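Since the structure comes first, as structure tokens, the remarks are kept for the end.
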Amino acid sequence: MQYDVIVIGGSYAGMAAALQLLRAHRSVLVIDAGLRRNRFASHSHGFLGQDGVDPAEIVQSARQQLGAYPTLTWVEGVAEAASGEKDSFIVATDDVARHQGRRLLFAAGVSDTLPAIEGLAERWGVSVFLCPYCHGYELKQGRIGVIATGPMSLHQAQLLPEWGEVTFFINDAVTLDAPMRDDLAARGVTIEETPIARLDDHADVILAGGRRLSFAGIFTASRNAPATPIAKGLGCALAETPMGIQIQTDDTKETTVPGAFACGDAARVPHSISLAVGDGAWAGAQLHRSLVWA
């Protein structure tokens, strides 16, 4: 069969978009690989009505609510390629199936490229974080480390004193001029020039030479890219952001390929569940309008 919309990615943005379409009696296929970006976190914060809830519970509840709509088809699998054009797209999945849709929505999120520091990846989402609004409060204004990865790290170091006492690890990743140093000093930020050897225990930083600094939590700026290259393979333009690469869209969330849309972390910055849900809801409404006035 041909679906009205094929949604690639069944996390927060994809489900929010699908909900708008299902409520408009449209047939929707969601293809989901089950790899939520926040799968490493035990609690979600800053999402109105769901503050402190396990992200897996939020997703499960949303999935059950979508399942009440008879025009939903859900496929657990990996979308591997997309081809075609407006009103006649084809998405191939890892089970060799080929699905037809009038519209496409890319909502598969992003991948995070983390600093190549021993012990960091294992602590991602547990004691090493990206967003202070999502994880800062739980650190109880304790000691916070910020590991530089590039220009965005300076912004993190300037902002995080709102949540605790900050040490900024340059780690040979950023150059600070005199005004930057003066600003950090005015905010009470300690600048640490010694490179990092590894992370240890809950959130301990071991410096080259063996010195150990302990923190309540650590923040760092990962570099993002769409979690799947399918949009690029279809011909959608990509855009550079301070956080990495995202899918380029217009105000209606349509990509540079007519009939193909994108939303969520892969198509906007900054990132959070709240923003992903809002972006998905907007994309779903715009997709519906594109079908009405095709």
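Annotations for the structure displayed:
- Net charge, ASP94 excluded, C-beta distance under 14 Å - Lys, Arg +1, Asp, Glu -1: -3
- The gain in end-to-end length when the GLU240 to SER42 segment is fully stretched comes to 68.2 nm, 0.36 nm per residue minus the alpha carbon separation.
- About the centre of its Cα atoms, the chain shows a dipole size close to 640 debye [charges on the beta carbon of Lys, Arg (+1) and Asp, Glu (-1) only; nearest 20 debye].
- Its Kirkwood hydrodynamic radius, worked out from the mean inverse distance over all distinct Cα pairs, puts segment 115-220 at 13.5 Å.
- Sparse packing (at most 10 other Cβ atoms within 10 Å of the Cβ) combined with a DSSP loop state is found for none of the chymotrypsin sites (Phe, Trp or Tyr not before Pro) in segment 11-68.
- Taking every Cα-Cα distance in the chain and sorting them into 5 Å bins from zero, the calculated P(r) comes out as 1, 5, 12, 15, 16, 14, 11, 9, 7, 5, 3, 1, 0, 0 percent.
- Mean-position separation - Cα centroids, segment 170-230 and segment 240-261, in angstrom: 31 Å
- Net +/- balance of residues flanking GLN141 in space, Cβ distance below 12 Å, scoring K and R +1, D and E -1: -1
- For segment 1-41, a Kirkwood hydrodynamic radius built from all Cα pairs, placed in the Stokes-Einstein relation at 10 °C and 1.306 mPa s, yields a translational diffusion coefficient of 147 µm²/s.
- Neighbourhood net charge (15 Å Cβ-Cβ; Lys/Arg +1, Asp/Glu -1) for THR194: -1
- Nitroxide proxy distance, nm - points 7 Å out along Cα→Cβ at TRP293 and ALA56: 4.5 nm
Every number here is computed from the coordinates shown, using simple stated rules; none is lab data. All of these numbers come straight from a predicted model, not from anything done at the bench. All Cβ positions, even for glycine, are placed from backbone atoms using ideal geometry, and neighbour counts span all protein chains on display.
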